[in-house]
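These notes are about the structure you will find just below.
Read-outs: derived from the displayed coordinates by stated rules, not from any lab. On a predicted model such as this, the values are computed, not experimentally measured, just so you know. Counting neighbours? That spans all protein chains shown, and the Cβs are built from the backbone with ideal geometry, glycine included.
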Amino acid sequence: MTHSVAFLLVPEFQLLDMAGPLSVFQVAAELGRKRRGPAYEISVLSERGGRVTCSAGLEMQTRSWRGTHTDTLADTLVVPGGWGARKPGAATPALMQHLRAAFAAKRRVASVCTGAFLLAEAGLLDGRRATTHWRQATRLQREHPGVTVDADRIFVRDGNVWSSAGIAAGIDLALAMVEADLGADIASAVAREMVVYHRRAGGQSQFSALQDLAPQSERMRAVLAHIGENLTADLGIERLADVACVSPRQFMRAFKAETGQTPAKAVERIRAEVARAHIEGGDSSIEAVARLTGFEDTERMRRAFVRVYGQPPQALRRVARAGSLVAQQR
């Protein structure tokens, strides 16, 4: 069985909003063909067809969706964002009609980044949860009060309507779709082929501890990278000082000055962030997640979660599962 995926472009779209997810489906199609399993058929559409220019000035050849009968709509419609999606006049009557027809026909409809504005304008997000680029979340909520904007999420699924955060988050969204269509094994294989992390959970924050700590020196950035890649290893002061190639006393002073946190607090926060992604997006036991992320036991992880998130791991998992169940039942 072939699953059709169409990308609906408006002028001045963000190229990576399209290219990232498109590459996921393209690689999945190749792997599917090799395994003689389901594959994807990809098309790129616009209202009038022909060349559509992205915000970087590159042109993409498209075909028109006008006159498309409901029976021939793609199984999945993806609306990339960018400056063009936010411009006055982007939500043309033809585009709105096409999106509403897809939604009425129970197709899967998705937005990447500010493509959410077009879904919202078509009324597809009314009464639903959605996300967009963090910088545009307040505006989306103000202009479309019927939408529950979840501004701090990588992607959100609410029934057959999906939305993702800015730009690269579209890759996470597409990997989640592939997993839903073809299974976790294929999605993991696609991620490996594309050399990307498989995959950030939808509930994961648009911001990460590594971004927030943001040290200026290469030495301290190397330390943070080492922490993230070695969560179960010895991450004491002496070991981290060795990574930075300075004395423990120099390391303590420099790390606190550049990140605003002690090394111990930074290690705890990074471990908690990775653990939360596993807890909200996977089925591993709390005990297994604690071991996987270097907490060693569930009580240590529980105390860290309360300090970092104000809630224990079990509470976050219950909330994530309840939200996922409600979204899938719509």
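Computed values, structure above
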| read-out | value |
| --- | --- |
| With Cα atoms, 0 to 90° folded angle of helix 248-259 axis to the chain main axis | 30 degrees |
| Reachable lysines from residue 256, criterion Cα separation under 16 angstrom, eight or more residues apart if same chain | 265 |
| Sequence-distant residues sharing a close amide H with residue 160 (under 5 Å, placed H) | none |
| 15 Å Cα-Cα reach of residue 106 towards aspartates and glutamates, excluding residues that sit fewer than 8 places from it in its own chain | 71, 75, 158 |
| Of 229, 41, 30, the one that fluctuates the most in a GNM where the chain has Cα springs shorter than 10 Å | 229 |
| Within the chain: Cβ-based charge dipole about Cα centre, in debye rounded to nearest 20 (Lys, Arg +1; Asp, Glu -1) | 440 debye |
| Segment 2-194, dipole about Cα centre (Lys/Arg Cβ +1, Asp/Glu Cβ -1), debye to the nearest 20 | 200 debye |
| Vicinal HN-Hα couplings computed from phi for segment 66-77 (Karplus, 6.51 cos²θ - 1.76 cosθ + 1.60; Hz; Gly/Pro x) | 4, x, 5, 6, 3, 5, 9, 5, 5, 5, 10, 10 |
| Separation in nanometres of the label points that stand 7 Å from Cα toward Cβ, at residue 192 and residue 1 | 2.6 nm |
| Sequence-distant residues sharing a close amide H with residue 42 (under 5 Å, placed H) | 5 |
| Net length gained if the chain between residue 225 and residue 283 were fully extended (0.36 nm per residue, minus Cα distance) | 18.2 nm |
| Cα→Cβ-extended label distance, 7 Å offset, between residue 68 and residue 152, nm | 3.6 nm |
| In Hz, Karplus ³J(HN,Hα) per residue of segment 227-233 (6.51, -1.76, 1.60; θ = phi - 60°; x = Gly, Pro) | 4, x, 8, 9, 4, 8, 8 |
| Gyration tensor verdict on the chain (Cα atoms; rounded if a/c is under 1.5, prolate if a/b is larger than b/c, oblate otherwise) | prolate |
